[in-house]
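The values are calculated or read from the model by the stated rules, or taken from the named source; none is laboratory data. This structure is a prediction, so every number in the text was calculated from the model and none was measured. Cβ atoms come from the backbone with ideal geometry, glycine included; neighbour counts cover every protein chain shown.
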Amino acid sequence: MLIDTHTHLFLDAFDSDIEEVINSAIGNNVEKFFLPNIDSSTIERLLNISKKYPNNCYPLIGLHPTSVKENYKQEIDTIEYWLTKEKFYAIGEIGIDLYWDKTFEHQQEDAFKIQIEIAKKHSLPIIIHARESFNEIFSIIDQLNDEKLTGIFHSFTGNKEQAEKIINYGGFKIGINGIVTFKNSELANIVKQIGIEHILLETDSPYLAPHPKRGRRNESSFLIYTAKKIAELYNISIDELADVTTENAKQIFKF
C-alpha cells in the first residue's frame with residue numbers, strides 16, 4: 001500500500017471526477033489520502049470529502065501561509081473551533097511562503113508559531129510549507145521544538161544540510177513528491193543521501209505532476225511514478241519502499 005500524505009482532493013480541479021480519481025489511485029495501490037487544509041473557505045469541502053470516503057480520506061486543518069492576511073487571528077480562531085467539533089490528523093498546512101509575496105511575512109511567522117502551539121495542545125503533527133523560507137522556519141522550530149512537536153516538511157526542495165537539520169530535530173519526516181522526477185531537479189541527488197526511514201511520499205495534487213505526466217493535473221494515482229523513482233534511487237523494490245514509507249506515515253499520523 002502506498003499513502004499520499006499530501007493531496008488537495010477537495011479543490012475545484014477535482015469537482016467533476018473525484019470518484020474516478022480516488023478509484024484510479026486505489027487501482028494503483030494508493031489507498032489512503034491525507035488532505036491538508038488551505039483556510040476557512042475550504043474546511044467544509046474538506047470535511048465533506050473525508051466523510052464521503054472515511055476509509056480513504058483523512059482531514060487535516062490549518063491556515064496555509066499564502067492565505068495569511070490581516071484577519072489571520074480570526075482564521076486561526078476558526079481552526080480552533082473546528083478542532084472541538086471534528087477529528088483531524090494534523091495541523092496543516094502551515095508555514096512560511098516568501099516566494100509569492102512578503103507583505104505579510106511578520107503575520108505568517110506569528111500564525112506559524114500560534115499553530116505550532118495549537119498542534120502541541122492537541123497532540124497533533126504539523127505539516128510545514130516552506131518556500132524561500134527555510135531559515136525563517138528553522139529559527140521558529142529551534143525555539144519551539146520539543147518532544148511534543150512532530151510533523152512533515154512537505155514538498156521538500158532543500159539541500160543536504162537542510163535535510164540533516166530536519167532529521168536532527170527528531171520528530172520530523174521529509175515529504176517527497178513529483179519534483180524528484182524532474183530532469184532539471186537536484187532533489188534526486190539529495191534523496192539518495194537521506195535514509196529511507198525519514199521519507200514520506202506525496203503528490204501535492206493537483207500540483208506538481210511527476211514525469212512523465214508533467215504539465216497535466218496531478219492526481220494521487222501518479223504517486224506510483226514518484227515511488228518508482230525513489231525505489232530506483234535506493235535500489236530497492238516498490239514493495240519495500242511501500243512498506244517503509246507506510247510505516248513512516250503511521251508514525252506521524254498515528255492512524
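Within the range 225-244, does at least one residue satisfy the condition of being closer than 22 Å to I126 by Cα and either modelled with pLDDT under 95 or of a type outside the set (S, T, Y) (or both)? Yes: the range 225-244 contains one or more residues that are closer than 22 Å to I126 by Cα and either modelled with pLDDT under 95 or of a type outside the set (S, T, Y) (or both). Selection of first residues in the range 214-227 that are over 13 Å from I179 (Cα atoms) and of second residues that are among the acidic types (D, E), restricted to Cβ pairs under 9 Å at least 6 apart or on distinct chains, gives the following pairs, ordered by first then second residue: S220/D4. Figure legend. Inter-residue proximity from the range 152-173: first residues over 20 Å from T246 (Cα atoms) and free of Cβ contacts under 8 Å to residues at least 24 places away in the same chain, second residues surrounded by fewer than 19 Cβ atoms within 10 Å (Cβ to Cβ) and not hydrophobic (A, V, I, L, M, F, W, C), beta-carbon distance below 9 Å, spacing 6+ or different chains. Indicated pairs: E164/Q193. Sub-9 Å Cβ pairs linking a first residue in the range 47-72 that is at negative phi to a second residue that is surrounded by fewer than 15 Cβ atoms within 10 Å (Cβ to Cβ) and among the small types (G, A, S), at least 6 apart or interchain, are S67/S41, ordered by first then second residue. Restricting attention to the range 113-130, and to residues there that are in a strand (DSSP E or B) and touching a residue at least 60 places away in the same chain (Cβ under 8 Å), which single residue is farthest from G158 (Cα to Cα)? Among residues in the range 113-130 that are in a strand (DSSP E or B) and touching a residue at least 60 places away in the same chain (Cβ under 8 Å), the one farthest from G158 (Cα to Cα) is I126. If only residues of the range 79-127 that are among the basic types (K, R) and more than 15 Å from N145 (Cα to Cα) are counted, the one that is surrounded by the most Cβ atoms within 10 Å (Cβ to Cβ) is K102.
Residues in the range 159-186 that are basic (K, R) and surrounded by 15 or more Cβ atoms within 10 Å (Cβ to Cβ) were compared, and the one that is nearest to the chain's Cα centre (by Cα) is K173. If the condition is being closer than 21 Å to E202 by Cβ and either of a type in the set (S, T, Y) or not in a loop (DSSP other than H, G, I, E, B) (or both), then the range 5-20 contributes T5, T7, D12, A13, F14, I18, E20. Within the group I76, I22, I49, I96, which residue is among the aliphatic types (A, V, I, L, M) and farther than 23 Å from N177 by Cα? None of the others qualify; the one that does is I76.
In the range 209-225, the residue that is farthest from the chain's Cα centre (by Cα) out of those that are closer than 23 Å to E240 by Cβ and not aromatic (F, W, Y) is H211.
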